[in-house]
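Each remark here refers to the structure printed beneath this line.
A short reminder: the numbers here are calculations on the coordinates, not readings from a lab. Just so we're clear, the structure is a prediction, and the values are computed from it rather than from any experiment. Using ideal geometry, Cβ is built from the backbone for each residue, glycine included, and neighbour counts are taken over all protein chains shown.
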Amino acid sequence: MTLLRATDLTKRFVTRGPLGAKAEFTAVDRVSFEVRLGETLAVVGESGSGKSTTARMIAKLMDPTEGTLEFDGEDVTHAKGETLARFRGNVQVVFQDPFSSLNPRHTVERILNAPLLYQGRTPKGGRRAHAKELMERVGLNPDHSLRYPAQFSGGQAQRIGIARALAVGPKLVICDEAVSALDVSVQAQIIELLLRLQRESGFSYVFIAHDLAVVRQIAQRVAVMSKGRIVELGDTRQVFGDPQDEYTRTLLAAIPRINPEWDRRRREHT
Ligand SMILES: Nc1ncnc2c1ncn2[C@@H]1O[C@H](COP(=O)(O)OP(=O)(O)OP(=O)(O)O)[C@@H](O)[C@H]1O
């Protein structure tokens with residue numbers, strides 16, 4: 001079942017050159033894909049390929065210049081008011097830097113209650129219990145609910161970011177380079193957590209990443225972006241095992257350890 005469908009999503013930015021001359025730059029160029037219920041779709045590509053801009057558009061943090069976005073069968077491209085609030089209850093984002101996305105002056109309890117309150121909902125067992133329950137779900141000590149973000153490590157802060165995304169019971173969680181800034185060992189723990197939460201709750205992920213080794217662990221399907229376009233999209237094993245696009249091959253060749261099978265075949269052909 002299709003949960004989210006992006007059709008020809010396009011984002012053009014107007015930039016100004018050194019002499020003040022206006023120029024238009026197409027960061028995302030007619031990108032189309034769907035996210036199925038319960039799956040993880042990864043979006044990979046080099047820096048500047050348009051991954052984050054795509055993530056921001058499907059999270060409705062940025063309007064597309066052109067194209068449409070459907071969620072749960074409903075056109076949400078220009079959603080406002082109640083429709084937008086409902087969308088925010090279904091689609092949540094986990095950002096790369098937890099410290100800059102968590103308000104440093106708010107306690108974890110307040111941070112974890114904010115999404116529900118925005119929805120005009122009150123947590124059933126009260127705010128404290130709601131925060132503690134979410135902290136437990138993501139492996140944090142619930143006794144620390146009155147602490148501030150700065151009192152946590154990077155990995156723990158990312159767990160708070162993930163707990164906040166879960167607070168409203170979303171159907172889709174967009175992870176925008178959510179593990180990229182973490183040490184490798186912490187990264188592995190967070191990936192494990194993301195996989196466990198998906199098993200428990202059955203939501204979908206759109207997983208934006210540049211680390212293909214991580215993508216291979218977590219995503220059933222992958223979209224490869226280059227210069228604002230999707231150049232390849234398909235089953236992760238298939239795309240990584242037998243890339244059809246030249247750019248995907250270059251991307252994979254940059255980390256030959258990623259797929260011994262593909263690496264072996266690459267060596268055979270060179
Ligand atoms: N607000 C903006 N105004 C002008 N150009 C922008 C803006 N936001 C992004 N861009 C440009 O759009 C292109 C795509 O950026 P985007 O951040 O989506 O790429 P990315 O694939 O996520 O890269 P990274 O992995 O480095 O985050 C880049 O060339 C970027 O400089």
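Set the Förster distance to 41 Å, then compute FRET efficiency between Ala150 and Asp242 from the Cβ-Cβ distance, nearest 0.05. Let's see the in-between values first.
Values: r = 47 Å, r/R0 = 1.14.
Calculated transfer efficiency: 0.30.
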Q. How are the Cα pair distances of the range 56-119 distributed, in percent, across 5 Å bins from 0?
A. 4, 14, 23, 21, 17, 12, 6, 2
Q. Any idea what angle helix 81-90 forms with the longest principal axis of the chain, computed on alpha-carbon atoms, 0 to 90 degrees, nearest 10?
A. 80 degrees
Q) Anyone know which of Gly228, Gly81, Gly89 comes out most mobile in the 10 Å Cα GNM of the chain? A) Gly81
Q) Can you give me the pair-distance distribution of the chain, C-alpha pairs, 5 Å bins, whole percents? A) 1, 6, 12, 16, 17, 16, 13, 9, 6, 3, 1, 0, 0
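Within the set Lys60/Lys227; Lys80/Lys227; Lys11/Lys80; Lys60/Lys132, which residue pairs have Cα atoms separated by over 25 Å? Walk me through the numbers before you get to the answer.
Numbers: Lys60/Lys227 21 Å; Lys80/Lys227 30 Å; Lys11/Lys80 19 Å; Lys60/Lys132 29 Å.
In this structure, Lys80/Lys227; Lys60/Lys132 lie more than 25 Å apart at Cα.
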Q | Size of the range 79-178 as Cα extents on the principal axes (Å, biggest first) | A | 37, 33, 23
Q: Set the Förster distance to 30 Å, then compute FRET efficiency between Thr65 and Ala85 from the Cβ-Cβ distance, nearest 0.05.
A: 0.80
(Q) Using only Cα atoms and rounding to the nearest 10 degrees, what angle (0 to 90) does helix 154-166 make with the longest principal axis of the chain? (A) 80 degrees
Q: Treating the angle as unsigned and between 0 and 90°, give the value, to the nearest 10°, between the Cα long axis of helix 184-201 and the longest Cα principal axis of the chain.
A: 70 degrees
**Q.** Inter-site label distance for Glu136 and Arg110 at 7 Å from Cα along Cβ, in nm
**A.** 2.5 nm
Q. Of Glu246, Glu192, Glu46, which has the largest mean-square fluctuation in a 10 Å C-alpha GNM of the chain?
A. Glu246
